[in-house]
Amino acid sequence: MFGRSRGWVGGQGKAKNIHSLDHLKYMYHVLTKNTTVTDHNRNLLVETIRSITEILIWGDQNDSSVFDFFLEKNMFAFFLNILRQKSGRYVCVQLLQTLNILFENISHETSLYYLLSNNHVNSIIVHKFDFSDEEIMAYYISFLKTLSLKLNNHTVHFFYNEHTNDFALYTEAIKFFNHPESMVRIAVRTITLNVYKVDNQQMLHYIRDKTAVPYFSNLVWFIGSHVIELDKCVQTDEEHKNRGKLSDLVAEHLDHLHYLNDILIINCEFLNDVLTDHLLNRLFLPLYVYSLVTQEQNEDRKINPQVSLYLLSQVFLIIHYQPLVNALADVILNGDLTVFTTQTEQNTHKTSANSGVRRFTKPPESLERSLEMSRHRGRKKTQKRPNYKNVGEEDEEERGAEEGADEEKAKEIEMVVMEKCKISDVSTLTEQNITDEEKSAAAAAGTEEQRSRPFLDMVYNALDCEKEDYHALFVLCLLFALSHSKGINPELLEKIQLPFPGEDRSSYSHVLVERLIRVMNHAALPDGKVRLATLELSCLLLKQSVLSASLHHQRRPSGLSGGCERRESSSSTEGEEIFLDMFEDEYRSMTSKPLNVEYLMMDASILLPPTGTPLTGIDFVKRLPCGDMEKTRRAIRVFFMLRALSLQLQGEPETQLPLTRPEDLIKTDDVLDLNNSDLIACMVVSKDGVQAQRFLAVDVYQMSLVEPETKRLGWGVVKFAGLLQDMQVSGVEDDSRALNITIHKPTSNPHAKPLPILQASFIFADHIRCIIAKQRLAKGRIQARRMKMQRIAALLDLPVQPSSEVLGFGQSSSTSASSSSSQLPFRFYDQARRGPAFASVDRVPGFAVAHVAQQRSSSPNSSSSITAHSESITMSGVSTHSMSGLEARAGGVRFLSRTMPESGFRPPHPGMSALSLAAFSSASPRRVH
Amino acid sequence: MAYAYLFKYIIIGDTGVGKSCLLLQFTDKRFQPVHDLTIGVEFGARMITIDGKQIKLQIWDTAGQESFRSITRSYYRGAAGALLVYDITRRDTFNHLTTWLEDARQHSNSNMVIMLIGNKSDLESRREVKKEEGEAFAREHGLIFMETSAKTASNVEEAFINTAKEIYEKIQEGVFDINNEANGIKIGPQHAATNSTLAGGQGGQQAGGGCC
């Protein structure tokens, strides 16, 4: 009734009365009169508690006497009293909200100390609320989170009691680490991190000694269970239907890894020791690494190798904690199956069957129970608290309580054992290193006594992508992640020679480079089953392997890739006119979005078998091409990547790509010498009706609109410049003096609607000038495109025909090109002089059809070229060029017939990679040390 | 208590922009805004009605996420809606929006509805960010925009409810997979049974519609 009326009055005048010491005194009075919660006074109590909250916060901000009164009268005790009466949800929620607000809003440190000083807060923390109620659960965990945010070296003493070994805030919170509600789990993680962050040795020792083993072992089990679910999701997938669920599970795994990493980077050493031990010996090694090898005893194998490769990549990409990742990498690179058996021998005095062994097993008891036990022990026979979770475990619990002391001892021993194991591990690992060195030295001497490295063998073998690159992509990611990890000892990586390519004692680097080249070979096949992401990664890794080595190592692989690129791209040139646009588009999108391995490894879709269809929504680089268009796009990209790789390996700069460099173009506000240039005066009317008097100038690549420069006669200021190749010109129906001109901005997204950068009608003095302009633009467009195509042809090392064969066009173009380009720094100039070989772009509607027909007959898979012809409409009316057009067509056909045999399947030379490898290895007999 | 859906929200933005005050203002009407009292909370829940359906909103303040990457990630992922708040009297809080948005877009599921909120609209005299700027930012990034005041309660209701409406519409369109709780949407306990037909239909739609 009270709260009700208050709600209505509101207002500042009344509020003043409500927010006052007097009012708090009245509230206190209400509490003393209602110490027992009944159905009748429930509402009153709730409103009283709520009002008290409000007054307290107001007091903290405005009048400290309010706070003094609250403490003096020990009003917190009333809250506890109410809480303990099982007063029901309504009251509970109100109390929890009050506590949340109280600790969230209090600004004065002394107020906070007072609130925490009498241990009431801890009593509330351990109170068993009805956690099945999601709202109570949410308020409760938020309350704990709010408290954890207040933790520091001073306040921690209010929560952690070193005498009784009690740290309710922490122990109660971690009990919910695997709560089904994600927000609750997040809150628990926040709380634990906030606790670990406090630099209080005693508290941290308590955490390690009493809680770390139970918590981390359960956490590790929880993560592993998710991984197994994830694996099941991959296994049972049909036609990518599980993708939604899978991406959640992957995100969950990433969350876990980031959480673990957040703990590790707090860098509390002895916590990290325990965590590392658990992660390594209970999860990463037995579940992830062990699953890499296919064993006869299949029941031990938990997850699919591709899943484990994927997850391991994530581990190395996210976690950089040296002791952990180094040990893990060492097992993968050097270890064999004995790492799963040898440890058992060392644990002779171990009590429970599965401790110390590297096995992914369920912790012997639930976290909650472990913590209970530890509390019992600490307190010597405290009454067991009712526990909503382990109802029905009574007997066990009692038995456990009796054996409590023993178990504790056992646990302590176990921990010591584990630490010992760690040390001995490290030493055996270093031993292994030494023997490795010896063995590889022996291998170099020719007496190869192959030591079994099943994990590394598996990794290398999975690089085979003859049939598919499903596994190969993950392996490449894993190798990439390994070689980029800050936590891995560089010496370890010499085994795969990634960052230290100068070292060539190990036989493995050759294996790796050979496999990488094989991947590229497969990628370069017209129907290779290698995705672009896989190719890009193998290029990255190959560069990393060989680039820092001395130069003569590099000849062979680069020569090889040159071979690949030519073969591949020539097969795709039937793309015709649109080919140029695709070519430039692909270059743009590839350079604007270089591969990010970390993002790639966050994508769950690559966990499912590679697919070709874009209907899955999977990114183009992460799937196989679908249809001729995409095959061409893929071929172009393969060409770019291999070309870039090849140039880089040879230490040559890229001078040909992109075909259009922005710095070579005429830009707005450039001042040009236009003496002796053909200029046509016109009125440019833009779409929104703005008119401007301009001169139209057509250049090699661009058309520009200029204004006379006032200071120099014959010079002009560029007001607009656009690429001729992206231009569309059309006549205006009822005005023979006007043209509509549109120039689109080149886009890197093939699905995006082209954005016009110019859309205007041009009005000329008379229809003759209009026709001249139209012809000049049309011709300019053809030439611009043809010259680029020529440059592509030159790039692909396609045969360039002597200009005499295409007389009509060849002459005019070569003269005009040379005359105009002589003033411009275009890089293709030399090729332009050689004359056009690539005439297939020049097509006028009249014979475009014939051309298609011919093409059809000559090449069965050129259907994609049809799309190209829609653009050639811009050419209509260029009747004077029909002769040269015919010539051009002839050239085109000749060109096609020339390329066809090239484009046919040519399997990679079987000896090629072996050959290059041989050369590669023979070129590097030196030892760098 | 019965609800058809539960939507989980998070509130993000620089410290001091009034996130927890907005939250308390919305979730608990009993706390009247008063000039000499700044009061907020980190968690709140409230029932609203959309289209005749009871919908429970659960709002989590993301306090404490700043220091830990794992926490940021998880928060975003678990929410169906996000209120991105800045303070109209502090230009820097507006300037940081891009960073917040990048984070949100990177970590959240793509369907998360983001509402941009310019808070403290009652402090007109100290305004540093024009309303038009907020509108432009929202338009550019495809967000819903509103200026609110936790102090006067102006627009607070609308901000939360409009976000919920947007989420609700997305559910109707079948964009959200409601059977996947990781999206920050939960079907009410007693509605789970009645909704199973709808859910099934939606699931099928998803499988079919997933291709676009």
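The figures follow:
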item	result
Residue list for region B:77-101, filter: part of a helix (DSSP H, G or I) and at pLDDT below 90	B:Arg77
Output for region B:66-75, where each listed residue is surrounded by fewer than 20 Cβ atoms within 10 Å (Cβ to Cβ) and more than 8 Å from chain A (Cβ to nearest Cβ)	B:Glu66
Among (1) farther than 30 Å from B:Ile187 by Cβ; (2) hydrophobic (A, V, I, L, M, F, W, C); (3) within 12 Å of chain A (Cβ to nearest Cβ) - the single one B:Val17 does not satisfy	(3)
Options A:Thr655, A:Thr668, A:Thr660; residue that is outside any helix (DSSP H, G or I), of a type in the set (Ser, Thr, Tyr) and more than 30 Å from A:Ala524 (Cα to Cα)	A:Thr668
Among (1) at pLDDT below 85; (2) over 25 Å from A:Ser483 (Cβ atoms); (3) surrounded by 22 or more Cβ atoms within 10 Å (Cβ to Cβ), the one test that A:Ser291 misses	(2)
Test for B:Gly188: is it in contact with a strand residue (DSSP E or B) (Cβ under 9 Å, 6 or more places away or on another chain), within 14 Å of chain A (Cβ to nearest Cβ) and within 23 Å of B:Ala79 (Cβ to Cβ)	yes
Scope region A:604-635; condition in a loop (DSSP other than H, G, I, E, B), free of Cβ contacts under 8 Å to residues at least 24 places away in the same chain and within 13 Å of chain B (Cβ to nearest Cβ); matching residues	A:Thr613, A:Gly617, A:Ile618, A:Cys626
All positions within region A:180-206 that are of a type outside the set (Ser, Thr, Tyr), surrounded by 19 or more Cβ atoms within 10 Å (Cβ to Cβ) and in contact (Cβ under 8 Å) with a residue 60 or more places away in the chain	A:Arg189, A:Leu193, A:Leu204
Scan of region B:30-54 for residues that are surrounded by fewer than 23 Cβ atoms within 10 Å (Cβ to Cβ), more than 7 Å from chain A (Cβ to nearest Cβ) and on the phi < 0 side of the Ramachandran plot, ordered by number	B:Pro33, B:Arg46, B:Met47, B:Ile48, B:Thr49, B:Ile50, B:Lys53, B:Gln54
Neighbours by Cβ (under 9 Å, 6+ apart or cross-chain): first from region A:263-278, touching a residue at least 12 places away in the same chain (Cβ under 8 Å); second surrounded by fewer than 19 Cβ atoms within 10 Å (Cβ to Cβ) and in a loop (DSSP other than H, G, I, E, B)	A:Leu264/A:His320; A:Ile265/A:His320; A:Cys268/A:Asp199
Residue count for region B:55-65, restricted to those that are more than 7 Å from chain A (Cβ to nearest Cβ) and within 18 Å of A:Glu134 (Cα to Cα)	5
Qualifying positions in region B:52-76 - modelled with pLDDT of 85 or more, of a type outside the set (A, V, I, L, M) and closer than 21 Å to B:Val156 by Cβ	B:Gln54, B:Lys56, B:Gln58, B:Trp60, B:Asp61
Any hit, region A:214-225, residues being of a type outside the set (Asp, Glu) and more than 28 Å from A:Thr171 (Cα to Cα)	no
Qualifying position, being touching a Phe, Trp or Tyr at 6+ places or on another chain (Cβ under 9 Å) and modelled with pLDDT of 85 or more, among A:Leu665, A:Leu739, A:Leu657, A:Leu674	A:Leu739
Top-ranked residue of region B:55-65 - restricted to ones that are in contact (Cβ under 8 Å) with a residue 24 or more places away in the chain and more than 13 Å from the chain's Cα centre (by Cα), ranked as surrounded by the fewest Cβ atoms within 10 Å (Cβ to Cβ)	B:Ala63
Qualifying position, being surrounded by 20 or more Cβ atoms within 10 Å (Cβ to Cβ), at pLDDT 85 or above, more than 12 Å from chain B (Cβ to nearest Cβ) and more than 16 Å from A:Tyr114 (Cα to Cα), among A:Ile49, A:Ile82	A:Ile82
Tally of residues being over 16 Å from the mean Cα position of the chain (by Cα) and either within 14 Å of chain A (Cβ to nearest Cβ) or among the aromatic types (Phe, Trp, Tyr) (or both) across region B:147-181	10
Matching option when the condition is among the polar types (S, T, N, Q), out of contact with any Leu (no Cβ under 8 Å at 6 or more places or on another chain) and under 19 Å from B:Glu181 (Cβ atoms), among B:Gln32, B:Gln54, B:Gln65	B:Gln54
Meets criteria (touching a Cys at 6+ places or on another chain (Cβ under 6 Å), crowded, with 19+ Cβ neighbours inside 10 Å and assigned to a helix (DSSP H, G or I)) for A:Leu642	yes
Selected residue [among the β-branched types (Val, Ile, Thr) and either at pLDDT 85 or above or in contact with an Asp or Glu (Cβ under 6 Å, 6 or more places away or on another chain) (or both)] from A:Val732, A:Val718, A:Val700	A:Val718
Any hit, region B:76-99, residues being more than 9 Å from chain A (Cβ to nearest Cβ), farther than 18 Å from B:Asn119 by Cα and surrounded by 21 or more Cβ atoms within 10 Å (Cβ to Cβ)	yes
Yes/no for A:Asn267 being crowded, with 23+ Cβ neighbours inside 10 Å and out of contact with any Ser or Thr (no Cβ under 9 Å at 6 or more places or on another chain)	no
Positions within region A:231-252 being assigned to a loop (DSSP other than H, G, I, E, B), on the phi < 0 side of the Ramachandran plot and in contact (Cβ under 8 Å) with a residue 24 or more places away in the chain, in sequence order	A:Asp237, A:Asn242
Filtered residue count, region B:38-83, keeping only those that are more than 14 Å from B:Ile12 (Cα to Cα) and of a type in the set (Phe, Trp, Tyr)	1
Within region A:102-172, helices (runs of 4 or more DSSP H) holding 1 or more residues that are within 14 Å of chain B (Cβ to nearest Cβ)	A:134-149
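Yes/no matrix, rows are residues, columns are (1) closer than 16 Å to B:Leu37 by Cβ; (2) crowded, with 22+ Cβ neighbours inside 10 Å; (3) at pLDDT 85 or above:
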{"residue": "A:Gly13", "(1), (2), (3)": "yes, no, no"}
{"residue": "A:His19", "(1), (2), (3)": "yes, yes, no"}
{"residue": "A:Leu24", "(1), (2), (3)": "yes, yes, yes"}
{"residue": "A:Thr32", "(1), (2), (3)": "no, no, yes"}
{"residue": "A:Arg89", "(1), (2), (3)": "no, no, no"}
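The values are calculated or read from the model by the stated rules, or taken from the named source; none is laboratory data. All values reported here derive from a predicted model rather than from experimental measurement. Cβ: placed from backbone, ideal geometry, glycine included. Neighbour counts: every protein chain shown.
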